[in-house]
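One structure below.
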Amino acid sequence: METLLWKKVNDPAEIDGSIKEAAALLQEKQVVAFPTETVYGLGADATEEEAVQRIFEAKGRPSDNPLIVHVADRRQVEELVSEIPPMARQLMDQFWPGPLTLVLNSNGTAAENVTAGLSTIGVRMPDHPLALTLLRVAGKPLAAPSANRSGRPSPTTADHVYQDLDGRIAGILDGGPTGVGLESTVIDCTTEVPIILRPGGITKEDLEEVLPQVMIDPALANEKEKPKSPGMKYTHYAPESPLWLIDGKDEFFMRQLDQLKVDGKRVGVIASDELADQMDHQPLIRCGSRTQLRQVAERLYGALREFKKSDVDVILCESFPEKGVGAAIMNRLNKAAVKKIQTC
Ligand code: TXA
Ligand code: MG
């Protein structure tokens, strides 16, 4: 299949020929990638089983992993769920459009494969002019997982989508790089106390300003527990070369790096500016200051895609503080890593 590429960087909200063409393809049950404020999504009509099936095929995604449905307005949510509890309304008021996915009880309107057989459905309103325009013109809620091949880091540019899915999908709307850089926070609102199933762009601290109590799925802290969100059990975000996550002081990181070099390994480094300033090593990717974790989040997936198998044997990456968006950064890095090395 030929994958069409539409550049739409200047005025993303304008309803031009590319939006119309993309929306028409969606109405014909094809899949189209589009930017959101978090990462690029791979969209298809959430009410059509055949369209949704194409997402699973293009990504190579396991069929028991449900998709997030993107909406342009609350009316579309009402059409998909059996009820919107008051706390979910509060969260929508505060954080929509934005990087927060609410898990609610489904009313069965979405295609069955969207929810992978669950009685609940994840919904979110993205905070991106291009995504919202596409949703409005298509006139359908769009199921959209991240637009990467399953297991790979999520795409934060149209080029990342192209690398993974060229020839496998109908088109890619290029709206430039995404802002948040990590996926939305997924919160289960079907329980009395809401539960964070996946940390993301909206932090636990943000949620606690609105809700009296928020829980975190225990599986996020303990690898032996079964996660409540099916997607959290899969290998994820893997770069081409094995990633080792180093947890310790900067000197400890430097010692690990030196040892690998002595062993003749070609090492790629992903580091904060503070750590990078202390070393004279190549190849190295800086992902921003430790004190500006939003910047680290924005650059992380790009960094994970940067090192090619042919260039490095190992990627060494530093650990970041688990405060604020740091919780989401470390959640992704722990999944991406094949090895974790801590100072004793
Ligand atoms: O920021 C994002 O959320 C991006 C953009 C494109 O919107 N999308 C995204 O989708 O990250 P995906 O499919 O890569 O991740 C969806 C996550 C998975 O972990 C999935 O298991 C979980 O959300 N999920 C979806 N529906 C669920 C449900 N009904 N109950 C529990 N978890 C659900
Ligand atoms: Mg994903």
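Points to keep in mind about this one:
- When the helices of the chain are scored as -39500 (n - 2.57) per DSSP H run of n ≥ 4 and the total is divided over every residue, the value at 222 nm lands at -8500 deg cm²/dmol.
- With R₀ fixed at 45 Å, the C-beta to C-beta distance from GLU83 to LYS261 puts the FRET efficiency at about 0.15.
- For the stretch 129-135, putting each phi into the Karplus relation 6.51 cos²θ - 1.76 cosθ + 1.60 with θ = phi - 60° gives couplings of x, 5, 4, 5, 5, 4, 4 Hz, in residue order, rounded to whole numbers and with x for Gly and Pro.
- Modelled spin-label separation between ALA24 and PHE252, with each label point placed 7 Å from Cα along the Cα-to-Cβ direction: 5.9 nm.
- Each Lys or Arg adds one and each Asp or Glu subtracts one; over the other residues with Cβ under 14 Å from the Cβ of GLN76, this totals +1.
- When only the Cβ of Lys, Arg, Asp and Glu is charged (+1, +1, -1, -1), the dipole of the stretch 238-344 relative to its Cα centre reaches about 400 debye.
- Using a probe of 1.4 angstrom and keeping all protein chains present, the accessible surface of the chain works out to 43 square angstrom per residue.
- Only Lys, Arg, Asp and Glu carry charge here, each on its Cβ (+1 for the first two, -1 for the last two); on that basis the chain has a dipole of about 720 debye about its Cα centre.
- Leading residue at positive end of dipole, the chain (Cβ point charges), from PRO97, HIS160, HIS70: HIS160
- Per-residue Karplus couplings for the stretch 219-230, computed as 6.51 cos²θ - 1.76 cosθ + 1.60 with θ equal to phi - 60°, are listed in order as 5, 5, 9, 10, 5, 7, 6, 7, x, 6, 9, x Hz, Gly and Pro entered as x.
- Ratio Rg/Rh, restricted to the chain and using Cα atoms, in which Rh is the Kirkwood radius: 0.97
- Taking a ≥ b ≥ c as the square roots of the eigenvalues of the Cα gyration tensor, the stretch 10-54 is classed as oblate, since a/c reaches at least 1.5 and a/b does not exceed b/c.
- Length gained on full extension, LEU5 to ASP73: 21.8 nm, using 0.36 nm per residue less the C-alpha separation.
- Proximity of backbone amide H atoms, modeled 1.01 Å from N, is registered between CYS287 and ALA271, SER272, ASP273 at under 5 Å, excluding neighbours fewer than 5 places apart on the same chain.
- In order along the stretch 52-69, phi translates into HN-Hα couplings of 5, 4, 5, 5, 4, 5, 4, 7, x, 8, x, 6, 8, 9, x, 9, 7, 9 Hz, rounded to whole numbers, per the Karplus curve 6.51 cos²θ - 1.76 cosθ + 1.60 with θ = phi - 60° and x for Gly and Pro.
- Close amide H partners of GLY43, meaning residues 5 or more places away or on another chain with modelled amide H under 5 Å apart, are VAL32, ALA33, PHE34.
The values are calculated or read from the model by the stated rules, or taken from the named source; none is laboratory data. For clarity, every value in this text was computed on a predicted model and none was experimentally measured. Virtual Cβ from ideal backbone geometry, glycine too; neighbours counted across all protein chains shown. Surface areas here come from the heavy atoms of the whole protein model, side chains and all, with no ligands, DNA or RNA. Shrake-Rupley method; radii C 1.70, N 1.55, O 1.52, S 1.80 Å.
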